[in-house]
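Shown next, in structure tokens, is the structure this report addresses.
Every number here is computed from the coordinates shown, using simple stated rules; none is lab data. Note that the structure is predicted; figures quoted are calculated from it, not measured. Here the Cβ positions follow ideal geometry from the backbone for every residue, glycine too, while neighbour counts run over all protein chains shown.
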Amino acid sequence: MSTVAIIVAAGSSRRMGFDKLTAPLAGLPLLAHSLLAFQNCQKVDHIIVVATDSRTEEFRTLAEQHGINKLNTVVKGGAERCESVSNGIQTALKKIGGAETILVHDGARPLIKDEAICQCIIAAEKYGAASLAQRVSDTLKRTDESAIVTASVERENLWRMETPQAFAANLIAQASLAATHDSVIVTDEVSAVQRFDPSQAIHLIENESANPKITLADDLPLAEALIKNRSRP
């Protein structure tokens, strides 16, 4: 039995204005940080990267240059995230015998820690589905179509979903295929599982470390500062 990490790196970086996955971050391409986190996690056996068709060879080379020997393959993504993830999952099941647990992680979350990865795997092995998340601490408001505040939203028991999200392999494979078959766009794999099997409990792992998704140009210097702070004695 094995654990497979699928790294989603098929985005267009439209809001960034330049390619974020290969942007320099603390001396390495951003994507290399994400790959190394799973490479160095002893509970992860294989890595699959999902990329746009034009970048599959580029990311294979990047992984080789940074010693990612757990990389099994780089596969072509789809028009939407859910299609990209489905391609990665189906490849994992076809190419990797005995895949028992599958994790899905955003390639643009380079600050993920080993402990968080391990906690997600352990929870998925025990319960079938788990995700890293953070409790909502901000004040939340609901508005109308004109951005006029109409109500406050209680933040108790509200969470911001992160990745990795981890699942029993057969569960996420069926859920992902169902969403793709029905042309339903889901924004994360937990949503696909909830849609496929509403009775499946999703166990959240509270992440107390910064794990931002790099989306805007200003996110890069913040991530660099966080990495430098972690390396201080």
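Some points to look at:
- Pairs of lysine residues in region 8-113 that meet both criteria, 8 or more places apart or on different chains and Cα atoms under 22 Å apart, total 11.
- Counting every other Cβ atom within 10 Å of each residue's Cβ, Leu71, Leu132 order from fewest to most as Leu71, Leu132.
- DSSP finds beta bridges in the chain, and of those with both partners inside it, around 40 percent are antiparallel.
- Choice from Lys126, Lys213, Lys70 with maximal GNM fluctuation in the chain (Cα, 10 Å cutoff): Lys126
- Residues in region 80-92 carry Karplus couplings, in order, of 10, 4, 4, 5, 4, 5, 4, 4, x, 5, 4, 5, 4 Hz; the curve used is 6.51 cos²θ - 1.76 cosθ + 1.60 with θ = phi - 60°, and Gly or Pro positions show x.
- Taking 7 Å steps out from each Cα toward its Cβ at Ala217 and Ser199 produces label points 5.2 nm apart.
- Region 180-214 and region 143-160 have Cα centres spaced 21 Å apart.
- Ranked list, fewest to most other Cβ atoms within 10 Å of each Cβ, for Asp197, Asp182: Asp182, Asp197
- Percent of Cα pairs exceeding the 26 Å cut-off, where the set is region 2-231: 36
- In this structure the amide hydrogen of Val136, modeled in the peptide plane, comes within under 5 Å of the amide hydrogens of Leu158, Trp159, Arg160, none closer than 5 places in sequence on its chain.
- Contour minus Cα-Cα distance for Asn170 and Ser183 (0.36 nm per residue): 2.7 nm
- Model label points for Lys228 and Glu154, set 7 angstrom from Cα along the Cα-to-Cβ axis, are 4.3 nm apart.
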